[in-house]
Each structure stands twice: as structure tokens, then as C-alpha cells.
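Heads up: the structure comes next, in C-alpha cells.
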Amino acid sequence: MSITTDGHHEKHALGIPMKRKEDPRFIEGRGRYVDDITLPNMLHMALVHSPYPHARIKNIDSSAALKVPGVLAVITGKDLEGAKLAWIPTFHGMDKQMVLAVGKVLYQYQEVAAVVATSREAAHDGAELVNVDYEPLDPVADPFTAKADKIILRDDRDNKTNHIYHWEVGDRAKTDAALAASEVKIKERMWFPRSHPAPLEPCGIVADMNKATGRLTLYITSQAPHAHRTVVSLVTGIPEDKIRLVSPDIGGGFGNKVPVYPGYVVAAAASVILGVPVKWIETRTENLTTTGFARDYHMDVEIGAGKDGKVKALKVSTIADHGAFDAAADPTKYPAGMFGICTGSYDFPTAFTDLDAYFTNKAPGGIAYRCSFRVTEASYAIERGMDLLANKLNMDPAELRKKNFIKKEQFPYKSPLGFVYDSGDYHATFEKALKKIGYDELRREQAEKRKRGELMGIGISTFTEVVGAGPSKYFDIMGIKMFDSAEVRIHPTGSGIIRTGTKAQGQGHETTWAQIVAEELGLDPQNFLVEEGDTDTAPYGLGTYASRSTPVAGAAVTLAARKIRDKARKIAAHLLEAAEADVEWKDYKFQVKGAPAKSVTMAQVAFAAYTNPAPGTEAGLEATYYYDPPNMTFPYGAYIAVVDIDKDTGGVKVRRFLAIDDCGTIINPMIVEGQVHGGLTEGFAIAFMQEIGYDKSGNALHTNFTEYLVPTALETPHWETDSTVTPSPHHPLGAKGVGESPNVGSPAAFVNAVMDALEPLGIRHIDMPLTREKVWRAIRDAEANTAKV
Ligand code: CDP
């Protein structure tokens, strides 16, 4: 580390206001963003990024940066090597990741150095002046080039190949034989492009090492505070009791705030070394170019069927672009996440899927962007595949789906790729959707329009998800089992506090957890404080992503409340002077069986728990529950999009979009509807507007919001939503997750609608995003081909 003066502590202390901003919400660690946090003596950090996708670092010269007024230190990878922090384990645990580049840079914008200064402006000015001498190397910009192994990207590995891993599931021989014997077959390569969650607030941290108490507090944009604290402890050796992570309002996460990023590590290291708080707030470009991307799967989808449309076999072979480090955020035993859900809602007698992942000169990632670990890619593959099959069979895609749905009576259903689906009634949900949108009428309208040469399309996606990671026998992240927890404490006057190991980023846990406890205990939901995200107070849990909160923590909240009710019954019996066996919980009250007039409310019991506890019972009224789910939950949906395409411009107008979701028992319909609206809007953006692209030399093409487009109210279609309810048989409330369903299910509906509109022109498939230009070119090319014939 280079530091301007020996007395830097005194120096920066002079320039910084010592008075802490008083804000009670901040003290509680809630209700504010990391960027709002200001601590006494706080320093700021900015990062230096590589302009090259692949280059050797010959020298780093910090002298000019250190002359900038306010700049105190320039930190490089070599400095971190001394602190054994040059590399950190990746989320999935199969690889490691450079914190600040040492030796080589492996993607454009990779972090090369950090500048610490007394103001954010000075830190950024200093970062501009860090002079790095690079020797550019040939880049590997796609996984197909990577596969050839002509240029090996990772010289730190013993294994001199760009191949990361091979993964497969299912019966290859049986599937190949069934495909060969099928009367009708389709095979299509589909690319689900790189996308990015682009949360409203980028990532950030205020790391506060208090040398007096020996505690390191990290105010951080984290979707999984407990898991992050454990990782910090394991990597640094600081005991967990000396580390506090507080994740306040984080401005959206969508999976982007699950991994540990270099900015966090360097800011924490700088604070530990300097003994003062250090703040790092990411820029939008840093967020889009260096933090967890999603998707980037090149999938060969094959389906075999009989002439009647009955499916016989599914095979999906994928080439995955993982970027420079294997930082995919998947549970340990699932390198390709839950991709095995690719048989979807259909009863395939056999299936096989395999995947090969490669390093390229791109940012690392592979995070679950509003998705239960690769479920979005899997759903897209099967739902596009089913439409291609319908087209080949000349069959209505709705008919094809109805013919092949898993039937209600087949649940619990074991898929050929190993999942045991808990519940579903696909036919009923789909029929509701067809009726509600007026499917037959729309098909008639389309036939009329086709006669006039107009392009109208109807796209269906009847997807099934697998969410709620997860049962500890299968799921862990770096060895930590994926259970979740809840602590419920009822105060003497009948109000209470609920704390969970999850961390909402806008999903409304504050409302739904209070609703669950209120419903279980007959108390007022308004009188519950819900607290998440502070490792000093919340029970241990694995956080919020992949729609796991309701299936896992929601169950923990329910069962903690039920534990309280069991104890409350003893107190109620004491108050009612009845035997416990004679007291029943009915109409939100404890009543003596057969004598309903003799009753006490939970509020009365709560007061007694502190003032008049039953003899032999512990005082107080609280419970903690760690819930280990017996299975995943399998929410599903029936989505239908209707589009009109302008032949002359390629512009697609989504005229209607109906989403019928089944997430089992619904706790809060308004929140569920909000989740669906948000997810559909993101799915729409992925289908039509967004891509994290690179040119052939590995230069990042979509680095800000003028290039990576975010839909506004102007572009966003009107969403029609509804639901069916098929409870999960193993969740204590029958609830399944929902947050990601619309993002998982909608891209295929949009693309199927556009392809359906373009079908008369003989266009079979276009990869997302279906921009105006891409659609226009496809139409022009198709017309030119027809003219030639
Ligand atoms: O893990 P995450 O919170 O992102 O997703 P989720 O479990 O799908 O929940 C999203 C929000 O919808 C939460 O506030 C849930 O409590 C609510 N929800 C609900 O009211 N009913 C359901 N069956 C599922 C979710």
C-alpha cells in the first residue's frame, strides 16, 4: 500500500466533519441506503478498471494519483497478496476470483487498483491518474473460441484449458434412442443472451473497523448478510462475533447483490488497515460491466414426438459462457442450478440434458437474476421448443400443450430429470387463461389478418418453476445448508417483533411476515415490527433470492408462530382454569371445548406470559424456528401474449399480455400482483430491449443506461393478471414462491408471439432481444428469399 504521509490519520481527520448525521432510521440500520451513510472520519474509495479485455500488467505507477489533494492511498493486487486477500473463493466454491488484478487482466473493466481519499471526488480523480502499463493479449470473446483452447485464459490454474466443467443429468442412451425413433423432431439452437439485473441502486459498502472495540461493521448491499458474514470470517480469520453486517434498504437486488465483489473486499481491507470507515459506492457503469451478469446459455434443444403430438423425448445440450471466473451463484451440488427443470410442465417419458461451461474474457457472473438458478433459461428452452414442435406438426400450440401436460392426478410427479413436482393443475390454469384472453377469437382474428398480409402473433408459455432452495440434504452454499429461520417475540401488550434470516429488497416481507404471525396468533398485523438484514439481531439464514423467502422463511415464520401458540395454550388453560387438553384454538381465541363463552384472546395470554405465567412454564412468549424444507415448491403459470408487428419498421407492439400464476396459497394478493407486474416488465425488457453484449475483441458494448435499456412507463405494456390456487402439500401454509415467475415465464411468451406473427414469412427463430432492427432485418431477408424463389 502506498500512503502519502505517515500521519494520514490526523491528516484526513482534519478534513472531515466529526459529527455523525443523526437519523434514528440509520441507527436501526433500516430505512436508508448505503450511500446515505456518513460516519465520522469516513474515507472514500474508487476503483481503477482495465481498458483491455485481456492484457498482461507490466507496471502500476501510483505517483500521479498520490499527488491529487485528498488522495491518501493507492492499493494494488500486490498489496492484497501480502494480506492474503488477492483472491477470494467464488460463490459456488469451485473456483476463485481475483480481487485486484495481479499479473493479467481477464476482462474489460476488471478492477486493477483502488484509490482511498478524503472525498469521493478526490478518489475518482486519483483513480483517473493511476498509470497502468499493459501489454495487450489476444482476447477470447465467446465460448466457442474458448473451446478450441488456442489461447488459455487462466494461467493460475493447473488445468490448462478454458473448459470449466461438464455436467449432465438424465438417461442419454434412452433419450437418443427415443429421439431417433420419433416420427417428428425439432432441433434448434437458442441463445439466451447475457442480461443484467441492473437494480435501481448499484452496489456499495461502508466498512467500519472500530479499533477500540475490535469490531468490523459492514453496511453493505447484501441479499444474504449472514452468508456474507461467514465468508468474511472464513477468508479473513476474524471471528464472526467481531463482524456485523447490516444490509439496509438496498435499492433492489434481483440476484445482483448475492455475490461478494472486489469493491467490498478492498473497502473492508482498507478500513481494517486504516482503522477508519471506508465507503465505496459503485457507479452504474461499474455495476453493468463488473458485477454478476445472468444467462448467456447457448442451448441446442431437441424434441421428439409422435405424429399425434405426444412428446417422446427431450434433449438439451448447452454451451455456457461463464466469463473470467466461475462465479456462478449456484448451490454446491448444482453447477448449472436447477436447469434440470427443462422438461417443464410436460410428461416426457425420457430426457437428457448436459452442459459445458467455458472461461472467456468477460465479466464473471451467472447469477440467478430473478430466477431460481437457471430456471429462466430452462423454461425458455422448453417453451420455445414446444412452439417449434407445434409449428412442425402444424398443430395449435395450445392443443399441443394440453396433450402433453402432466395431469393433476400424476402429482407428486417425478420428472425424468429427477425433480419431484409437489402439486399442480396445469389443465385448469391453462383453460382459465385461454378463456380469459379469448383464445379462439384471437386465432380467428389472426386468420383474417393473415389473409390481408398483416402480422399478428399469439405466444403461449405454460412454464413450471422449482423454487425454495432448499432441503438441506441437497442444497448448500459453500457448505452452509440452505435452511432459513424466524424469531418471533410477542410483547406483553400483544404487539411483537419478527426477525428472519432473509432480506427483502422490495418484496414486502415487512407486510407478509406480519400477516402470517397475525393470522396464526389472532393479533393485529399493524402491531408487528419486521426486522431483517442485521446479523447482530436476525437469526441465521441464507437470505433472499431465487424466490426462496416464502417457501423457506415464510414456513419458518409460520412454525415459530405455531410454537408460540402451543405455549400460549398452556397459559390459556391456566387463565381459564381448564385442562390444556380441553382448550382449543378457534375463531382466533382460546376456548374451553363445548363452552365457547369461556375464552381468552392471544393479547390476554401475552400479558399473562409476563405477569401471571402458568406454574411450571417459562415466562415470556417467543419462539425461534429453523425450517428445513422437505422438498422444493413448484409454482407455475399460463402466460399469453398478443403482438402486432409493423412490417415496414419491424416494430412490435404487445397488444395484450395475460399472466395467470399459481403460487399455491397466496398470502398477500396485492404484493403478489406487484411482484408479477415487476417481473413481467423485466421479462419484457429482456425479450425486446436489453443485452449485455461484447464485440469480437471482447469490448463491452452496453455499459450504461443509454445502451442497456430499461423500460419506462412509455414502453411497458398493460399487464392483465389473475391466479389459480393449488397449494403445496408440504409447505405449512401451502404457499409456493412467486417473485421470479413472471421473469422466468414471460420471455418465451413474448418470443413465441413474435415468431407466431412471423410464421407466414417462414421465419423460425430469432434470438433475443427482439429489437426493431433485428425483426426488420429478418422480415427483409425473408422477403428477399421469397422473391428469389
Ligand atoms: O424470496 P422473495 O421474497 O424474492 O420471493 P417470494 O417468496 O416469491 O415472495 C415475494 C413476496 O410475495 C413476499 O412478500 C411474499 O410473502 C409474497 N408472496 C405471497 O404473498 N404469497 C405467496 N404464495 C408467495 C409470495
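The values are calculated or read from the model by the stated rules, or taken from the named source; none is laboratory data. Just so you know, these numbers come straight off a predicted model, no measurement behind them. Here the Cβ is made from the backbone with ideal geometry for all residues, glycine too, and neighbour counts use every protein chain on show. Surface accessibility is based on the protein's heavy atoms, side chains included, excluding ligands, DNA and RNA. Shrake-Rupley method; radii C 1.70, N 1.55, O 1.52, S 1.80 Å.
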The range 524-683 accessible area per residue, 1.4 Å probe, protein heavy atoms, integer Å², reads 39 Å²
So, with +1 on the Cβ of K and R and -1 on the Cβ of D and E, and no other charges, what is the size of the charge dipole of the range 311-470 about its Cα centre, to the nearest 20 debye?
480 debye
Tell me, what % of the accessible area of the range 345-500 is carbon and sulfur with a 1.4 angstrom probe?
50 percent
With label points built 7 Å along Cα→Cβ from the Cα atoms of E81 and E121, find their separation and express it in nm.
3.7 nm
With DNA, RNA and ligands ignored, accessible area of D524 (1.4 Å probe; Å², nearest 10)
70 Å²
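Go through 722-732, 58-68, 501-511 and give me the packing order, highest mean Cβ count within 10 Å leading. Before the final figure, lay out the partial values.
Values: 722-732: 19.5, 58-68: 15.8, 501-511: 23.0.
Highest-to-lowest ranking by the protection proxy: 501-511, 722-732, 58-68.
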Give the average over all directions of the projected area of the C-alpha convex hull of the range 168-220, one decimal, in nm².
8.5 nm²
Stokes-Einstein D for the chain at 25 °C, 0.890 mPa s, Kirkwood Rh over Cα pairs, in µm²/s?
88 µm²/s
K451-N394 pseudo-label distance in nm [points 7 Å out on the Cα-to-Cβ vector]:
2.0 nm
222 nm mean residue ellipticity, helices alone, for the chain (DSSP H n ≥ 4; -39,500 (n - 2.57); rounded to 500)
-9000 deg cm²/dmol
May I have the convex hull volume per residue, in Å³, for the Cα set of the range 331-475?
160 Å³
Treating only the Cα positions of the range 131-196 as identical point scatterers, give the base-10 log of I(q)/I(0) from the Debye formula at each q in 0.18 Å⁻¹.
-0.98
Can you work out the accessible area per residue across the range 47-134, with the rest of the protein chains kept in place, probe 1.4 Å, in square angstrom?
38 Å²
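Express the Stokes-Einstein translational diffusion coefficient of the range 648-785 in µm² s⁻¹, to the nearest whole number, given a Kirkwood radius over alpha-carbon pairs, 25 °C and a viscosity of 0.890 mPa s.
145 µm²/s
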Would you calculate the separation in nanometres between label points at D587 and T649, each defined as 7 Å from the Cα along the Cα-to-beta-carbon direction?
6.3 nm
Please say if the range 291-339 is rounded, prolate or oblate, where rounded means a/c under 1.5 for a ≥ b ≥ c the square roots of the C-alpha gyration tensor eigenvalues, and otherwise the choice is prolate for a/b larger than b/c and oblate otherwise?
prolate
Say R0 is 22 Å: what FRET efficiency, to the nearest 0.05, do D300 and K696 get from their beta-carbon distance?
0.45
At a Cα cut-off below 21 Å, give the lysines reachable from K481, other chains included and same-chain residues fewer than 8 away excluded.
K96, K257, K333, K473, K503, K736
Using only Cα atoms, what Kirkwood radius does the range 482-625 have, in angstroms?
15.4 Å
Which residues does a label at I151 reach in the range 677-706, if reach means a backbone N under 17 Å from a point 7 Å past the Cα toward the Cβ?
694-701
Can you give the Rg/Rh ratio of the range 543-612, where Rg is from the C-alpha atoms and Rh is the Kirkwood radius?
1.14
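Could I get the Rg over Rh figure for the range 564-661? Both from C-alpha atoms, Rh via Kirkwood, rounded to two places. Walk me through the numbers on the way to the answer.
Numbers: Rg = 26.7 Å, Rh = 18.0 Å.
Checking Rg against Rh, the ratio lands at 1.48.
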Equivalent ellipsoid semi-axes - Cα gyration tensor, the range 89-177, angstrom
38, 17, 12
For the range 632-778, which whole-number percentage of the solvent-accessible area (1.4 Å probe, protein heavy atoms only) is attributable to carbon and sulfur atoms?
56 percent
Packing-ranked peptide list from 113-119, 38-44, 699-705, highest mean Cβ count within 10 angstrom first, is 113-119, 38-44, 699-705
The extension gain from K436 to K598, computed as 0.36 nm times the residue separation minus the Cα-Cα distance, is 53.4 nm
Over its Cα atoms, what ratio of radius of gyration to 2.2 N^0.38 Å does the range 208-261 give?
1.15
Ordering 466-474, 136-144 by per-residue average of other C-beta atoms within 10 angstrom, highest first, gives 466-474, 136-144
